[in-house]
């Protein structure tokens, strides 16, 4: 480690690339938060009973009377070519849209089976857009497990929206990535306080508020997994403002600083705007740091948030990263993050879950971040775990959530300490 | 193509996983893309299992499709055998792998893995989870069980319990006790807890107890033919069914019926006078066929309810459930579309639902109490305490579970008597509903609009919407005296009183509802 320049961090760390069984969700899962964000959108998966079962298992959709997502389940006769699958799809969509007049955007979401049988959803979307214009716009993307991992579903969705955005010559900044409304409002308020008010968001809450894009658009990503969306925006002539991602006080500051710099905001104004929220964030993080300081952490790959989160936990919470796994490493987008993350941890990309479990058991970190399929089995082996999915389903961006983000990692450790008196008896019972 | 927003059953390979995860020493190699591993969390989270399901997913990707997914499958098989050293392997394909037609069965058989390899053919685009459990267990039994010498003592196998089953864990204990009372030992319980080597000695038992026909009827029939083992047809859920079950066991074994019923409380609890209020409560029963049939019998014969409607989500049980419905004088609802179930419940206005977790949510929306009697399971269906459905203790558990969601007898009377009481009023809600107790404002005489608003405020928003919709759906006008009278009726039956009165008025061709109409309707619908 002594040989590495601190400024380089993990930039040149060789990446352990793995192929094998992956204990991760497919891209369909993104529908669970995307449909809450886009309030007039319906997500129609064209797939199998497995797709429907995945969505309801991951989302617990029983809470909704009629959710704004569903699955057109392919049946034997669709596959055997006994019926025209395109005609079937037209019929189901027409029925759906007549029952749900509130729907203004419909996403046809490809799945593993629809990709394998090469059902052309792009053609279907064009045909349906024409049939249901102007009331409903129909787009398509793939959330299939053979092409996308978990959060890549959001990337595919947003990338599909970009070509459909109207052209604009206006100099605007586009914030890209689905954030909870309350968090998005905080970000907009911070930028507005610096005098940056020409801000749009992708995705917009309602289709009528969809942003426009052109050569004078600059954009900032709030999520590290938006590689395809990044490329699609570049193709529209927009320019990317590279920065670390807005997790933690430091990440939020650097992210805001990059935009402020782009728009020539005076440093004194910038400092004045962020002073109070940054101080609040640092105070809140300090509370969780008492639990996290000096502890080690091991990340299984899940959402692509792992590298930014490891940066936050090591630099602001005093933790040591042992392994940082990511399903996919987008080197360009993560260059600012890798530079900040001190050399030391294994950086792994992809997964061979049994091999990684062996490494996790050997490392025996104080906290292991993993999916729900692995968490209880690892707890039963005596390891403290943090469910990775909560990091995606909880508001964690920007200053006001920085303390919550740290607390998500601190809670399993605090809980373990609280329950310590039970532990010996439990082990004796086994 | 069929639009589905929510489904009672998963795909058939999840059924196969339930069998594999229930067993020990068996491993499942599933040819499947990334993402299908979501099914692991059903077991580790809903059932709180402390081990990963014994499943290896081949995790093929788009870029593999043009290449060699077959080699990927073979590597996964070899790795699984080397790593987990199972006694036997089951192999199959999920929905996507079924399309690429790699023939997992042929591939695995060609590998000479040194252990029995059991291929599964689960058509993902035709069948569902229930078929998956039944077919998987059948194939395991066909491959591993053989006729062998009977045990010297009279023994029985328990067949049907799986991982992720509705109270299977505790039913096993209860049935084991019932059989022990008769002097019968359990030889093998399968799939739950059995190893492949245990499946091989299934034939030693004198008969099989088929606990859940959904999961093991095919295996029971196969064993009857090939190992000459009779199997029990009666599922012992409820007092009557448990007696019938014991009689069936006695007939099969020639042993006298012996059972310790000192733990059984349901018969006295249901005769005790405080249960009088249960009389004729109209219930709607929905779930898997086995639990629905059992629940309908308990509801009518042991609780004194009236079965207003029943149905099941698994088509495999459509025929017996239709026949059962005929016995009860109702039409069976056989559907896996929860919106149809919701519509049926809304039309029938039952006073209680005995259903799945989905019907519990439907009940919340419609303001109807619900007790859960069947899978699909939810984390709440895995209580820490012992709570079987089968046998004597199961009957006790069922009595408690069904009664708790209802407004209790005396409380119901008090609500009727003191319906205008200053504390005991709509806004207060029933004590056990956990709502806030709000004292009613002194000016009880509010404007109609304000009255409507407070009425809405006394209920969860979703229910209030339903009531409002009902009110506006009808063309009948409520005169203000009648509206005021209606508001004196306790909130938990008011919606039904309103609908019944409007239905009655429409039937009579009335356009206005007076106090007279309200009471005429009450008399008309009186039971």
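The values are calculated or read from the model by the stated rules, or taken from the named source; none is laboratory data. Because the structure is predicted, anything quoted here is derived from the model rather than measured. With ideal geometry, Cβ positions are generated from the backbone for all residues, glycine too; neighbour counts draw on all protein chains shown.
Details
- Checked against (1) buried (at least 24 other Cβ atoms within 10 Å of the Cβ); (2) part of a strand (DSSP E or B), residue B:187 passes all but condition (1).
- Just one residue in the set A:385, A:326, A:314 is without any contact (Cβ under 8 Å) to a residue 40 or more places away in the chain and under 24 Å from residue A:146 (Cα atoms); that residue is A:326.
- Residue tally, condition more than 7 Å from chain B (Cβ to nearest Cβ), touching a helix residue (DSSP H, G or I) at 6+ places or on another chain (Cβ under 7 Å) and at pLDDT below 85, over the range A:64-103: 1
- When residues of the range B:1-32 are limited to those that are at pLDDT 95 or above and in a strand (DSSP E or B), the one farthest from the other protein chains (Cβ to nearest Cβ): B:26
- The set of residues in the range A:155-167 being in contact with a strand residue (DSSP E or B) (Cβ under 8 Å, 6 or more places away or on another chain), more than 15 Å from residue A:207 (Cα to Cα) and surrounded by 16 or more Cβ atoms within 10 Å (Cβ to Cβ) consists of A:156, A:159.
- Residue list for the range B:55-64, filter: more than 7 Å from chain A (Cβ to nearest Cβ) and surrounded by fewer than 22 Cβ atoms within 10 Å (Cβ to Cβ): B:63, B:64
- Evaluating residue A:208 against the criteria (1) in a loop (DSSP other than H, G, I, E, B); (2) out of contact with any helix residue (DSSP H, G or I) (no Cβ under 9 Å at 6 or more places or on another chain); (3) more than 12 Å from residue A:175 (Cα to Cα) leaves one unmet condition, (1).
- Residues in the range A:211-230 that are over 16 Å from residue A:305 (Cβ atoms) and in a loop (DSSP other than H, G, I, E, B): A:211, A:212, A:214, A:215, A:216.
- Strands (runs of 3 or more DSSP E) fully within the range B:326-381 that include at least 3 residues being touching a residue at least 40 places away in the same chain (Cβ under 8 Å) and away from chain A (no Cβ under 12 Å): B:352-355.
- Matching entry among A:49, A:22 (being touching a helix residue (DSSP H, G or I) at 6+ places or on another chain (Cβ under 8 Å), at the interface with chain B (Cβ under 9 Å from one of its Cβ atoms) and without any contact (Cβ under 8 Å) to a residue 40 or more places away in the chain): A:49
- Of all residues in the range B:73-101, those satisfying the criterion of being within 8 Å of chain A (Cβ to nearest Cβ) and either without any contact (Cβ under 8 Å) to a residue 12 or more places away in the chain or assigned to a helix (DSSP H, G or I) (or both) are B:76, B:79, B:83, B:95, B:96, B:99, B:100.
- Check on residue A:55, at pLDDT below 95, touching a strand residue (DSSP E or B) at 6+ places or on another chain (Cβ under 9 Å) and surrounded by 22 or more Cβ atoms within 10 Å (Cβ to Cβ): yes
- Output for the range B:33-54, where each listed residue is in a helix (DSSP H, G or I) and either at the interface with chain A (Cβ under 7 Å from one of its Cβ atoms) or touching a residue at least 40 places away in the same chain (Cβ under 8 Å) (or both): B:38, B:40, B:41, B:42, B:43, B:44, B:45, B:46
- Residue match in the range B:114-136 (condition: at pLDDT 95 or above, over 33 Å from the mean Cα position of the chain (by Cα) and either surrounded by 21 or more Cβ atoms within 10 Å (Cβ to Cβ) or at negative phi (or both)): yes
- Residue list for the range B:214-224, restricted to those being in contact (Cβ under 8 Å) with a residue 60 or more places away in the chain and surrounded by fewer than 24 Cβ atoms within 10 Å (Cβ to Cβ): B:217, B:218, B:222
- Spans of strands (runs of 3 or more DSSP E) in the range B:205-322 with at least 2 residues farther than 17 Å from residue B:156 by Cα and touching a helix residue (DSSP H, G or I) at 6+ places or on another chain (Cβ under 6 Å): B:282-287, B:306-312
- Qualifying residue in the range B:156-164 (condition: under 13 Å from residue B:236 (Cα atoms) and assigned to a strand (DSSP E or B)): yes
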